[in-house]
Amino acid sequence: MNASTNTLAKDLAEQKYKYGFVTAIDSETAPVGLSEDTIRFISAKKNEPVWLLEWRLKAYRQWLKMREPKWAKVHHPPIDYQAASYYSAPKQSDKPKTLDDVDPELLATYAKLGIPLQEQEILAGVQERRVAVDAVFDSVSVATTYKKELESHGILFCPISEAVQTHPELVQKYLGSVVPVSDNFFATLNCAVFTDGSFVYIPKGVRCPMELSTYFRINAENTGQFERTLIIADEGASVSYLEGCTAPKRDVNQLHAAVVELVALDDATIKYSTVQNWYPGDKDGKGGIYNFVTKRGACRGARSKISWTQVETGSAITWKYPSCILQGDDSVGEFYSVAITNNHQQADTGTKMIHIGKNTRSTIIAKGISAGQADSTYRGLVKILRTAKGARNKTQCDSLLIGDKCGAHTVPYIESRQPKARVEHEATTSKVSEDQLFYCQQRGLNAEEAMGLIVNGFCREVLQELPMEFAVEAQKLVSISLEGSVG
Amino acid sequence: MSVANFINRSHQDKEGWKYTDLEALLKTAPASIAMNNNIADTGDHPRFVFVNGVFQSKQSRFGAVPSCILMGDLATGYNLVLGEHTCLVTQPIEFVFTADENAPNEINIKLTIEVGANGRLTLLENHLASPTITVLETEIILHASAKFVHGKIIHSGGTHLARSTAQVARGGYYNNFTLIRGTHLTRNEIDVVLQGEEAQAALNGTMLLRGTEHADTTTRITHAAPHCASRQIYKTVLDGKSRGVFQGKIIVAKDAQKTDGYQLSRALLLSDQAEMDAKPELEIYADDVKCSHGSTIGDLDEQAIFYLRSRGLNEAQARALLIEAFVAEMLEEIQIEAWRDIFRAEIERWAQ
């Protein structure tokens, strides 16, 4: 390793987190601790129907019997689930009817984060790309834009707590149908205490006219965020959904345990993109978010498609495996991932592709970049059941190491029971070679630009899968990681 | 090590035994198998025969190797210790393992093989029919620049639980190739630690399974020093209701810079009742390394079968030829021609 990569690794380790500010806002927070009372409190706050409260309590009772999973390649001190608060919401007299009623402090927060909550007017002759945003602040959704226009297409896009009131039949039918209540420790906890999240329903044959997006912000101290997202694309529908997240800089770890469920019926397409930028902790590994997330999509219908794209740059610990259950014949699952870890960050992430239907296809492209003293693991499962005749999977995992104190690991599980299926897996680990750096520098780039170019090139296959708005943000994020690293 | 040790380990390391339910498989072992062990042969290479795990000096042939090189007994284990510049062992040594009607329920064998600096040793383990459980523990120590070529054929029809550990010092070379064809259950663990700089390991294997056979190859190569290289090629062909497992792990320690690690696992599923599970793992803590693995699972290419049939082969011949071709890549890794022929013959016999 030469001097320039050493400096680079150091700079990477010291990169600044831009979103680490705290919004001073009055909030209503549940008392610290977790018990059935906490759950009743949350349920009452949300004015939930009895079936949902019962569902939460059932989950809670199961959770009490479960143990935290230990198989992931991550290390952290034991989490005290009684030491955090499970509900925190900015104080508002009433639920805001329009954006004008929203606390200006909140609007300012989102403006600072660069999230447009004002619906842009369409200028004559200029067709701007628009994004509908559901902004979730701690435990509640504070605003959802473009609701009216979406409603005119029959699309439901609202906080899940609102959907429980307005469309209980849909919520009851699909909630927990992809990720069962007893799925895993963190998912079960989420079932018990989830507070808000987005609900999307795209009716038959409708292509969603704009990108839908949810922006998650943790603000309050000593709380966890447990959001729940449910997206249903009915027959022939299609939607592209984006998710972003940030949190303030704090010395203590905060827990974020979300559940995302996607359901695609016949010929439906769901594209789910994430740019995860939770606070990763400081350079000594102090603070940061524990991101323990369960994401799963069910391709229930024939020819349906679910595509996950994720750029994971934040969080002290990431534990996340967006998966596809390919039930429908000819259904397609995709997983594109970039995971960047530095300092003391740990990421154990990957996907599961379960092939059940005939001629189901899946593609996995995972890129891991480790710097500082970080550990990054790809963990994935490709399972071909006997029924999945003609199934096809292609997996590619590449890891890049920057610095000699980090680690990169690959743990794929490949199980096949169908001779007419084809499974291919490939993984490589390498560092940025001196030759590549030298070549770029010879062409007039400095060491930092050269590294940025090479790393961006390494991630390109994944970044280009992101919707345009996110692609720009993600590319910036990748280069921010490389800021100030002159050789 | 005993069966109980293995069962214990399978409880403690659930992840490492995810695809092999040892206790369940031990229960389904066949009561008897065909015993037509003809241990006579015509070669002149040194040949050590073990019946029920006990060394039989009368049936063995020492050739150029004095019997004193192999020491020990069933209770303490057998030690094969070769000193520095062991040029006297120019011929491969064959170990033949078999059982007779007096075989106990489990046969435990411990082998310690130590090759001194610059030593050379070539050993072939030949596991003939044995209705019982063979538990084989092999400890291999290779000193600087020692070279050990270690082959193994399992056609015992019985249960085979093996664990080999190899420590390879600077410049040493350990080569293992294993053919599994004919077993009720085999768990073959190979754990190699490349301790000195420029040490190398090459592990290759083929599993040919049919009926309800279950074979599990689990390898682990630890690159503990810089400039080491490892290469693994494993091929599995599954028919009937058989199940094949390949778990291969490459670990690159923190200071093991300039590591070159390569691993390939490919499997052919010939029947829709068979199952293949692969778990190729990389665990890397050094940055200046080149490590890769590949894994595929699929079927014979219909077009290739069609092509061969259009050239006058019948379906069975065409399939057999393609299976042989599929395994050929692993055969090419075997450096000793005579053994390559033995392996090829075994594979051809299986494929037909």
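FYI, it's all coordinate maths here, none of it is from the lab. For clarity, every value in this text was computed on a predicted model and none was experimentally measured. Reconstructed Cβ throughout: ideal geometry from the backbone, glycine too, with neighbour counts over all protein chains shown.
If you take every residue apart from residue A:461 with its C-beta less than 15 Å away from the C-beta of residue A:461, what net charge results, scoring Lys and Arg +1 and Asp and Glu -1? Don't skip to the answer; put the middle values down first.
On the way: positive: A:367, A:394, A:460; negative: A:334, A:398, A:426, A:465.
With Lys, Arg at +1 and Asp, Glu at -1, the net is -1.
When the Karplus curve 6.51 cos²θ - 1.76 cosθ + 1.60 is applied with θ = phi - 60°, which whole-Hz ³J(HN,Hα) does each residue of the range A:221-238 get, with x for Gly and Pro?
Couplings: 7, 6, 10, x, 10, 10, 9, 9, 10, 9, 10, 10, 10, 6, 3, x, 7, 8 Hz.
Determine the relative contact order of chain A: mean sequence separation of Cα pairs under 8 Å and six or more apart, normalised by residue count, in whole percent.
Values: 1271 pairs, mean separation 59.3, N = 487.
Relative contact order for chain A comes out at 12 percent.
For a quick check: with amide H placed at 1.01 Å from N, whose amide H comes under 5 Å from residue B:299's, ignoring anything fewer than 5 positions away on the same chain?
B:269
Hey, what do the phi angles of the range B:12-23 turn into as Karplus ³J(HN,Hα) couplings, whole Hz, using 6.51/-1.76/1.60 and θ = phi - 60°, x for Gly and Pro?
6, 10, 4, 4, x, 10, 3, 9, 10, 8, 4, 4
Would you grab the residues whose amide H sits under 5 Å from the one on residue A:432? Only those 5+ places off in sequence or on another chain, please, with H modelled 1.01 Å from N.
Under 5 Å from the amide H of residue A:432: A:401.
Find how much the distance from residue A:428 to residue A:249 grows on full extension, using 0.36 nm per residue of separation minus their present alpha carbon separation; answer in nm with one decimal.
Stretched out fully, the residue A:428 to residue A:249 stretch lengthens by 61.0 nm.
Would you work out which of B:80, B:250, B:305 lies farthest towards the positive end of the dipole of chain B? Charges go on Cβ: Lys and Arg +1, Asp and Glu -1.
Farthest towards the positive pole: B:80.
Please list the non-local residues whose amide H lies under 5 Å from the amide H of residue B:94, H modeled 1.01 Å from N, same-chain partners needing a gap of 5 or more.
Residues meeting the amide H criterion: B:47, B:48, B:124.
Evaluate the charge dipole of the range A:119-266 about its Cα centre and quote only its size in Debye, nearest 20, assuming +1 on the Cβ of each Lys and Arg and -1 on the Cβ of each Asp and Glu.
Details: 11 positive and 20 negative charges, 23 e Å.
In total the dipole reaches around 100 debye.
Please work out the Kirkwood hydrodynamic radius for the range B:303-352, using every pair of different C-alpha atoms, and report it in angstroms with one decimal place. The partial results should precede the final answer.
Working: mean 1/r = 0.0869 Å⁻¹.
One over the average 1/r among Cα pairs gives 11.5 Å for the range B:303-352.
Net charge within 9 Å of residue B:226 by Cβ-Cβ distance, Lys/Arg positive one each and Asp/Glu negative one each, not counting residue B:226 itself?
That works out to -3.
Report, to two decimal places, the Cα Rg of the protein assembly as shown normalised by 2.2 N^0.38 Å (N = number of residues).
Values: Rg = 30.1 Å, N = 839, 2.2 N^0.38 = 28.4 Å.
That works out to 1.06 for the protein assembly as shown.
For the range A:81-87, just list the computed ³J(HN,Hα) in residue order, Karplus coefficients 6.51, -1.76 and 1.60, θ = phi - 60°, integers in Hz, with x standing in for Gly and Pro.
6, 8, 8, 10, 9, 9, 8
Which one of A:363, A:463, B:56 has its Cα pushed farthest toward the positive end of the charge dipole of the protein assembly as shown, where Lys and Arg give +1 and Asp and Glu give -1 at the Cβ?
Of the candidates, B:56 comes out farthest on the positive side.
With +1 on each Lys and Arg Cβ and -1 on each Asp and Glu Cβ, and nothing else charged, work out how big the dipole of the range B:226-299 is about its Cα centre, in Debye to the nearest 20.
Values: 10 positive and 11 negative charges, 37 e Å.
Once rounded to the nearest 20, the dipole reads 180 debye.
Output the relative contact order of the range B:303-352, whole-number percent, from Cα pairs under 8 angstrom with separation of 6+ residues.
Working: 23 pairs, mean separation 19.1, N = 50.
Worked out over the range B:303-352, it gives 38 percent.
When the chain is fully extended, how far beyond the present Cα-Cα distance does residue A:41 get from residue A:166, taking 0.36 nm per residue of separation? Before the final figure, lay out each step's value.
Working: separation 125, 0.36 × 125 = 45.00 nm, distance 2.08 nm.
Full extension from residue A:41 to residue A:166 adds 42.9 nm.
Have a look at B:322, A:230, B:204 and report the one farthest towards the positive end of the charge dipole of the protein assembly as shown, computed about the Cα centre with Cβ charges (Lys/Arg +1, Asp/Glu -1).
Result: B:322, furthest along the dipole toward the positive end.
Using a/c under 1.5 as the rounded threshold, could you call chain B rounded, prolate or oblate? The axes a ≥ b ≥ c are square roots of the C-alpha gyration tensor eigenvalues, and prolate needs a/b larger than b/c, oblate otherwise. Could the numbers behind the result be given before it?
On the way: a/c = 1.38, a/b = 1.10, b/c = 1.25.
Rounded shape, in that the Cα axes give a/c under 1.5.
Relative contact order, percent, of chain B when contacts are C-alpha pairs under 8 Å separated by at least 6 residues?
Working: 933 pairs, mean separation 34.3, N = 352.
Dividing the mean separation by the residue count of chain B yields 10 percent.
Could you compute the net charge surrounding residue B:175? Neighbours are other residues with a C-beta less than 14 Å from the C-beta of residue B:175; K and R count +1, D and E count -1. Intermediate results must be reported in sequence, preceding the final value.
Numbers: positive: B:120, B:147, B:152, B:231, B:340; negative: B:125, B:332, B:333.
Combined, the nearby Lys, Arg, Asp and Glu give +2.
Taking the Cβ-Cβ separation of residue B:100 and residue B:325 as r and a Förster radius of 56 Å, what is the calculated FRET efficiency to the nearest 0.05?
Values: r = 38 Å, r/R0 = 0.68.
Using R0 = 56 Å, I get an efficiency of 0.90.
Given Cβ point charges of +1 (Lys, Arg) and -1 (Asp, Glu) and nothing else, what value in debye, to the nearest 20, does the dipole of the range B:124-249 about its Cα centre take? Walk me through the numbers before you get to the answer.
Details: 13 positive and 10 negative charges, 65 e Å.
For the range B:124-249, the charge dipole is close to 320 debye.
Based on a Kirkwood Rh over C-alpha pairs, give the Stokes-Einstein translational diffusion coefficient of chain A at 37 °C and viscosity 0.692 mPa s in µm²/s. List each step's numbers first, then the result.
On the way: Rh = 22.9 Å.
For these conditions, the coefficient is 143 µm²/s.
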